[in-house]
Each structure stands twice: as C-alpha cells, then as structure tokens.
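Working notes, structure below.
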Amino acid sequence: MNDHLRHAGHDGDDQAGHRAPAAHAEHAAHAHANITAMAASATLHCLTGCAIGEIAGLMIGTAVGLSTGWTLVLAVGLAFVFGYFLSTLPLIRSGLGVGAALTVVLAADTLSIATMEAVDNAVMALIPGAMEAGLVNPVFWIGMMIALAVAFVAAYPVNRYLLQRGKGHALTHEYHGVVNATGVRRFIPSISTGALAGVIVAFMLGGLVVSVADEVGGDDAGGRGGHATSMR
C-alpha cells in the first residue's frame with residue numbers, strides 16, 4: 001500500500017515537473033508574442049505622428065518657398081511635435097495633467113522618433129532627387145513611402161528593446177484604456193493608430209496619383225504642343 005502511494009506520489013511529481021516547464025514555455029511564448037505586438041503597435045503609432053509632421057512640414061515649406069534645408073528642419077520639428085501630440089492626447093484623456101503627460105511621453109517616445117527621423121531622412125537623401133522633387137512629383141511620394149517603411153523597420157527593434165526593459169511605450173501602457181474624461185477632456189477624440197495609419201496611407205496614395213496625373217498631363221500637353229509646332 002505504501003509502495004503504491006509512493007509510486008503514485010512519484011508519478012504526480014513527474015507530471016507536475018513536466019507540466020511546469022510546459023507552462024513556463026507557454027507563458028514565455030505568450031509574453032514574447034505580447035511584446036512583439038506591443039512593439040509593432042508602438043512603432044506604427046510613432047510612424048503616424050512622424051509622417052503627419054513630415055508631410056505637413058514639406059507642404060508648408062514648399063508653399064512659402066523655404067530652402068530645402070529649412071524645409072527639412074521644419075519637417076523634422078513637426079514630426080516630433082505631432083509624434084508627442086498624438087501620444088499625449090490619450091494620457092490627458094485618462095486623467096493626467098498636461099505637464100505629467102508630456103513628461104511620460106518625452107521619456108517614452110523620444111528615442112523612437114529620433115531613430116525614425118534619422119533613418120527616414122537618410123533614405124530620402126539617398127534617393128536621387130527625392131528631397132528636391134516637390135509635392136507634385138511621383139519621386140517625392142515614392143521616396144517618402146520607401147523612407148517611412150525603412151524607418152519602421154529600423155525603429156521596431158528599438159521599441160522592442162525598450163519594452164522588454166519596461167521603458168518606451170511601456171511607460172504609457174498603464175494609461176491605455178483608462179478614461180477619466182471630465183470637463184474639456186470629454187472632447188478629446190479617441191482615434192486608433194490603425195485609423196490614423198489608414199488615413200496617412202490614403203493621403204500618400206492620393207498624392208502619388210495626383211502627381212502621376214500631373215506628370216502625364218504635362219507630357220500630353222508637351223506632346224500636343226510639339227505636334228502643333230511641327231504641323232506649323
């Protein structure tokens with residue numbers, strides 16, 4: 001009887017011993033997947049702010065006739081402004097004061113945005129004519145799409161590294177989903193990162209279509225003008 005109990009207990013210990021590593025492995029896999037998803041979401045979130053700021057800066061710089069250098073400075077500055085702004089809004093909506101929210105966001109987003117801006121502008125500089133192309137030129141929009149895609153790839157491991165160490169967007173995670181909207185806070189919109197990214201992609205595709213149409217229209221007008229000249 002005692003031998004039987006000892007044997008059963010030994011089997012139970014073995015099963016528990018087998019279950020423990022399996023449970024640990026399952027938990028590790030879940031944590032890994034969670035960190036991966038959070039890093040991708042954080043990177044996309046930063047990318048939307050950077051894209052909005054850069055496009056706005058380039059449009060303003062082109063409209064007022066700034067030099068390429070000053071237009072670039074304006075675009076990078078607005079990329080940081082919009083990046084911080086988009087991250088600050090949900091924190092204020094959750095109940096944090098403006099100063100406290102900015103403090104959290106500065107610590108959470110600065111490295112990610114800086115990485116994106118450095119890579120994005122380096123890629124744009126390497127693409128022939130992209131910086132000087134202007135907004136009504138397919139080279140600009142194609143170059144911007146390539147640059148932002150490369151910037152996402154570059155910033156993703158940075159955000160993942162920070163999240164693994166409880167930094168970066170991990171600092172803002174505890175406030176996500178918390179709503180303490182009173183007074184003016186009630187009017188702060190809650191816009192998902194996916195919706196913002198969709199709007200930016202649509203805007204950039206629209207810019208590309210318009211620039212291609214302008215290019216084709218210019219070529220057609222030139223061709224007709226040349227044909228009329230030859231006829232005369």
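The values are calculated or read from the model by the stated rules, or taken from the named source; none is laboratory data. Note that the structure is predicted; figures quoted are calculated from it, not measured. Backbone-built Cβ (ideal geometry, glycine too); neighbour counts: all protein chains shown. Surface areas here come from the heavy atoms of the whole protein model, side chains and all, with no ligands, DNA or RNA. Shrake-Rupley method; radii C 1.70, N 1.55, O 1.52, S 1.80 Å.
Give the residue, chosen from Leu135, Leu126, that is among the aliphatic types (A, V, I, L, M) and open to solvent by less than 60 Å² (accessible area, probe 1.4 Å). None of the other options fit; the residue is Leu135. Starting from residues that are within 11 Å of the chain's Cα centre (by Cα) and hydrophobic (A, V, I, L, M, F, W, C), keep the ones in the stretch 105-122 and report whichever is surrounded by the fewest Cβ atoms within 10 Å (Cβ to Cβ). Applying the filter and picking the extreme gives Ile113.
Between Val136, Val158, the distinction of being modelled with pLDDT of 85 or more and either of a type in the set (S, T, N, Q) or not in a helix (DSSP H, G or I) (or both) belongs to Val136 only.
Looking across Leu96, Leu102, Leu91, one residue alone is open to solvent by 40 Å² or more (accessible area, probe 1.4 Å) and either farther than 15 Å from His45 by Cα or part of a helix (DSSP H, G or I) (or both). It is Leu102.
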